[in-house]
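The values are calculated or read from the model by the stated rules, or taken from the named source; none is laboratory data. None of the values given here were measured: they were computed from a predicted structure. Positions of Cβ are backbone-derived with ideal geometry, glycine not excepted, and every protein chain shown enters the neighbour counts. Calculation scope for accessible area: heavy atoms of the full protein, side chains included, ligands and nucleic acids excluded. Shrake-Rupley method; radii C 1.70, N 1.55, O 1.52, S 1.80 Å.
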Amino acid sequence: MKPAHWQADLQQIQQLRLFHNVATSSLDQLLREFRACELEAGEVLLSPFNRNQHLYLLIEGQLRVYLGSLDNQAVSTLEVGDCAGEISFIDNEHPSAYVVAERPSIVLRLHRESLVALFQQSPQMMQNLLELLCDRVRQGNRQILDSEQNANVDTLTGCFNRRWLEHVFERESTRCAFNDEPMSLLMLDVDHFKAYNDQHGHLAGDYALCLVAHTLSSQLRPKDSLIRFGGEEFVILLPEIADEAARGIGERLRIGLEQIASFYSPVGVLPGVTISIGLAQMQHKDSLQSLIARADAALYQAKQQGRNCLCG
């Protein structure tokens with residue numbers, strides 16, 4: 001980072017969010033304290049390994065924010081008018097992320113001691129900074145939520161994955177037991193899936209799995225959970241449903257797929273698939289493993305009986 005030539009512009013500064021409604025006298029002093037710095041493309045402005053004593057304002061170019069490693073995907077982009085380093089600037093700790101110049105950029109740098117003195121003169125500036133910090137916290141919370149949701153979803157089919165199954169089983173089994181409600185589990189397997197892949201190709205097999213997921217999910221309640229358990233196996237958790245009603249649901253799902261003789265896909269028209277289903281109802285003190293084991297045994301029985309049927 002090297003010094004940059006920058007012509008102080010009061011109107012430009014007043015347009016930055018940090019200085020909205022700040023008195024002109026305070027801004028005049030601020031302009032004398034700022035130092036303009038030039039960043040080359042790829043240059044690291046902030047790093048978790050280096051303590052930060054400055055607040056940076058981006059006035060030209062673009063910055064990227066990376067968590068954990070520079071090899072990771074950027075989690076956010078800072079545009080002209082955005083701040084960088086405000087959290088580490090305030091708590092005097094190491095930054096929690098890398099901030100890197102995406103292209104040649106210019107930032108205004110202000111030492112923490114100078115800004116602290118300005119805060120005493122301008123409560124409005126302090127309020128603006130607090131609002132910026134609140135935005136950063138909310139943005140971080142949204143990123144955490146998005147990453148949690150993505151971690152619970154199978155990328156191919158859009159179904160939940162086994163990680164979500166463990167979470168939702170604990171929640172729903174506790175709730176159903178407390179309310180003295182039943183809960184059932186269906187374990188499904190796509191029939192002759194290896195032969196389907198061998199004959200039509202693995203990409204066609206992927207589209208067939210997506211067909212299964214879409215067909216099943218469209219017939220379930222919002223409170224039901226469709227999980228891709230692994231490969232061509234799926235699990236459906238049915239809270240507040242006893243075995244007899246679950247059997248009817250399973251049959252409806254099985255018939256719904258059976259009736260799809262063919263479907264359109266990006267690789268052309270493909271034949272449909274059928275499923276075998278094993279059913280188990282939760283019993284007192286059941287764990288997820290024991291419930292799945294009984295459903296899996298019922299699924300094995302369905303396969304032994306010729307597939308495309310439900311047992312349990």
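Brief remarks follow.
- On inspection, GLU244 qualifies as at negative phi, surrounded by fewer than 18 Cβ atoms within 10 Å (Cβ to Cβ), without any contact (Cβ under 8 Å) to a residue 40 or more places away in the chain and of a type in the set (Asp, Glu).
- No other residue among TYR264, TYR207, TYR300 is at pLDDT 95 or above and of a type in the set (Phe, Trp, Tyr) apart from TYR300.
- Check on ASP224, in contact with a helix residue (DSSP H, G or I) (Cβ under 9 Å, 6 or more places away or on another chain), within 13 Å of ARG254 (Cα to Cα) and acidic (Asp, Glu): no
- Selection within the stretch 271-283: residues that are surrounded by fewer than 20 Cβ atoms within 10 Å (Cβ to Cβ) and in contact (Cβ under 8 Å) with a residue 24 or more places away in the chain. The member of this set that is farthest from ILE227 (Cα to Cα) is PRO271.
- The stretch 247-262 residues that are more than 13 Å from ARG307 (Cα to Cα) and assigned to a strand (DSSP E or B), paired with ones that are open to solvent by 60 Å² or more (accessible area, probe 1.4 Å) and aliphatic (A, V, I, L, M) (beta carbon under 8 Å, 6 or more apart): SER262/VAL269
- With respect to the stated conditions, PHE229 is at pLDDT below 95, in contact with a Lys or Arg (Cβ under 7 Å, 6 or more places away or on another chain) and either assigned by the TED database to the domain that holds ALA295 or in a strand (DSSP E or B) (or both).
- Tally of residues being open to solvent by 40 Å² or more (accessible area, probe 1.4 Å) and among the polar types (S, T, N, Q) across the stretch 154-172: 1
- Restricting attention to the stretch 236-281, the residues being within 32 Å of the chain's Cα centre (by Cα) and of a type in the set (D, E, K, R) number 2.
- Those residues of the stretch 71-87 which are of a type in the set (Val, Ile, Thr) and touching a residue at least 24 places away in the same chain (Cβ under 8 Å), in sequence order: VAL75, THR77, ILE87
- Condition broken by GLU33, with the remaining ones in (1) modelled with pLDDT of 85 or more; (2) of a type in the set (Asp, Glu); (3) surrounded by 13 or more Cβ atoms within 10 Å (Cβ to Cβ) satisfied: (1)
- Within the stretch 42-62, tally of residues that are assigned to a loop (DSSP other than H, G, I, E, B), touching a strand residue (DSSP E or B) at 6+ places or on another chain (Cβ under 6 Å) and within 11 Å of GLU102 (Cα to Cα): 2
- Count - residues of the stretch 211-226 that are touching a Leu at 6+ places or on another chain (Cβ under 8 Å), in a loop (DSSP other than H, G, I, E, B) and under 25 Å from VAL269 (Cβ atoms): 1
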